[in-house]
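The values are calculated or read from the model by the stated rules, or taken from the named source; none is laboratory data. What you see is a predicted model; the values in this text were computed from it and never measured. Reconstructed Cβ throughout: ideal geometry from the backbone, glycine too, with neighbour counts over all protein chains shown. Surface areas here come from the heavy atoms of the whole protein model, side chains and all, with no ligands, DNA or RNA. Shrake-Rupley method; radii C 1.70, N 1.55, O 1.52, S 1.80 Å.
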Amino acid sequence: MNQEKVIVIDFGGQYNQLVARRVRECNVYCEIYSYRTDIEKIKEMNPKGIILTGGPNSCYEDNSPTYQKELFELGVPVLGLCYGAQLMMHVLGGKVEKAPVREYGKTEVFVKKTSPLFADVSEKTICWMSHFDYISKPADGFEITAHTADCPVAAAENMAKNLYAIQFHPEVLHTQEGTKMLYNFVRNVCGCAGTWRMDSFVENSIKEIREKVGDGKVLCALSGGVDSSVAAVLLSKAIGNQLTCVFVDHGLLRKDEGDEVEEVFGPKGPYELNFIRVNAQERYYKKLAGVTEPEAKRKIIGEEFIRIFEEEAKKIGAVDFLVQGTIYPDVVESGLGGESAVIKSHHNVGGLPEHVDFKEIIEPLRDLFKDEVRKAGLEMGIPEKLVFRQPFPGPGLGIRIIGEVTGEKVRMVQEADAIYREEVDKAAENYKVANGTEAPWMPNQYFAALTNMRSVGVMGDERTYDYAVALRAVRTVDFMTAESAEIPFEVLQKVMSRIINEVKGINRVFYDLTSKPPGTIEFE
Ligand code: XMP
């Protein structure tokens, strides 16, 4: 499908996905592979360029992630970032050692504008540094092309061999001209034409899906979230009524969400989908009774999903394919793509049960980042309201109720969450009307979670011993890192007062200030 590809080789750096995203922002298709990937596989992919990511190790230590020298002799341009830069030097005979001064954070870097990487970049530019080790001597044939006050080799290159090493992180937005540098690499050095576009993605996917499915029957898991909605519409464009969408209401959805999904995708909605709603609330609550461990909950929820689809498929008869709205970060974060540690098993990838009664699973969005999924959705005419919906995890409120899930707790968190979202939306709208711009505190994701802490309160003259709800609101660009949003105090107070007055069983409200990292956005 993609003639032009850049490969990111992952050495365990926390920004590996960002590198790939930035490359795609230059309209160049890009995939992430572990440093353990065989060089023959890399060669087969015929990449136009290779980027080595950062990583937590020291390249001169035994057993540190490495790559064979041949990678640098393929005639394919290579760009090493941070650990990747150090490794390039180490493998090619330069010297890397512990730096006398550790650099961390925004740092002034002086670049040589003659370098193709730094074309159009300011001579003095702010970059994001994060390293203990440094390149004390570049390998033979390399010229130093940037330095900082403390780092003599902030960048080096061997132009004849098309090898480039950068000590800082151009993929991080704190590096003010980082995108320009990556653009220079993929478009100018590697010579990529930049043909990766969403309209061609939609067109090509439709063609591929038709070829793959033939006249087979397809079942789509529709949750009403952005990813599965885009997947469903893509499939329905490709194969029309060979597709049946199954929407499982697992009783872990937000307030009224089940009905809202049915309104859009059901028989009265704008799409002509075969739509089946399965009300499986009780079945889920029974399975989840007594289970408190987050990963166990995720696995149960994911597995039950598949079982229900299998049952529905049997009713329809001879279903060949199952569609899932898995997207690229799910794949990478589940440890299936790159090198990153498994933080949480996203239920639609890592938690997939071994026994699945379908011929094959189709994941048409598996290669896309979230913003690309949204672009594809808009491209196909899906309403903006749906496309820009805030993300909601597959396991739903199951991972927003800490500890055991019960129907009663679901009710509490649903009510509290609805009040919270309503008040935040109202305040944001008021701000917009008054100021003509979006509120600077407007979170990208905001929701309530139920803690499993009960505490004493007083309501009227009565003693209460009820649950505490936690409000979460984060500002984030990519959901990989996030800051707690500064929602105005009066808005939070109003939410608190409404929740305590209106939601039976809750007598305390907390606001979560934790950023990601070290926290995650969801609670489990
Ligand atoms: P975390 O909690 O990992 O969340 O910081 C990052 C983003 O991913 C969403 N999320 C999920 N989405 N299935 C999903 O489809 C899941 O299992 C899942 N877990 C987390 C979360 O809402 C946030 O936007």
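Search the stretch 510-524 for residues being within 8 Å of the ligand (Cβ to nearest atom) and β-branched (Val, Ile, Thr), and hand back the single one that is surrounded by the fewest Cβ atoms within 10 Å (Cβ to Cβ). Here the residue is Thr520. The set of residues in the stretch 177-203 being assigned to a helix (DSSP H, G or I), surrounded by fewer than 17 Cβ atoms within 10 Å (Cβ to Cβ) and within 23 Å of the chain's Cα centre (by Cα) consists of Thr179, Asp199, Ser200. For the stretch 469-482, give me each residue that is at pLDDT 95 or above and either more than 22 Å from Lys516 (Cα to Cα) or open to solvent by 90 Å² or more (accessible area, probe 1.4 Å) (or both). If the condition is that a residue be at pLDDT 95 or above and either more than 22 Å from Lys516 (Cα to Cα) or open to solvent by 90 Å² or more (accessible area, probe 1.4 Å) (or both), then Arg475 is the only one that fits.
Those residues that are assigned to a helix (DSSP H, G or I), without any contact (Cβ under 8 Å) to a residue 40 or more places away in the chain and crowded, with 18+ Cβ neighbours inside 10 Å, I need them from the stretch 227-256; list them, please. Walk me through it before giving the result.
Step one: of the stretch 227-256, the residues assigned to a helix (DSSP H, G or I) are 227-242.
Filter once more, so that each one left must be without any contact (Cβ under 8 Å) to a residue 40 or more places away in the chain: 236, 238-242.
Answer for the stretch 227-256, where residues must be assigned to a helix (DSSP H, G or I), without any contact (Cβ under 8 Å) to a residue 40 or more places away in the chain and crowded, with 18+ Cβ neighbours inside 10 Å: Ser236, Ala238, Ile239, Gln242.
All conditions in (1) within 16 Å of the ligand (Cβ to nearest atom); (2) on the phi < 0 side of the Ramachandran plot; (3) of a type outside the set (Val, Ile, Thr) hold for Glu429, with the sole exception of (1).
The single condition from (1) more than 28 Å from Phe479 (Cβ to Cβ); (2) among the small types (Gly, Ala, Ser); (3) surrounded by 15 or more Cβ atoms within 10 Å (Cβ to Cβ) that Gly55 fails is (1).
For the stretch 95-105, filtered to residues that are closer than 26 Å to Ile32 by Cα and of a type outside the set (Ser, Thr, Tyr), the residue that is surrounded by the most Cβ atoms within 10 Å (Cβ to Cβ) is Val96.
Within the stretch 77-115, the set of residues being polar (S, T, N, Q) and within 16 Å of His169 (Cβ to Cβ) comprises Gln86, Thr107. The single condition from (1) closer than 30 Å to Ala193 by Cβ; (2) in contact with a strand residue (DSSP E or B) (Cβ under 8 Å, 6 or more places away or on another chain); (3) not small (Gly, Ala, Ser) that Val96 fails is (1). For the condition within 16 Å of the ligand (Cβ to nearest atom), at pLDDT below 85 and surrounded by 19 or more Cβ atoms within 10 Å (Cβ to Cβ), what is the one hit in Ile300, Ile343, Ile327, Ile306? Among Ile300, Ile343, Ile327, Ile306, only Ile306 is within 16 Å of the ligand (Cβ to nearest atom), at pLDDT below 85 and surrounded by 19 or more Cβ atoms within 10 Å (Cβ to Cβ). Restricting attention to the stretch 489-509, the residues that are assigned to a loop (DSSP other than H, G, I, E, B) and either surrounded by fewer than 16 Cβ atoms within 10 Å (Cβ to Cβ) or within 11 Å of the ligand (Cβ to nearest atom) (or both) total 1. Of everything in the stretch 1-25 that's buried (at least 20 other Cβ atoms within 10 Å of the Cβ) and part of a loop (DSSP other than H, G, I, E, B), which residue is modelled with the highest pLDDT? The selected residue is Phe11.
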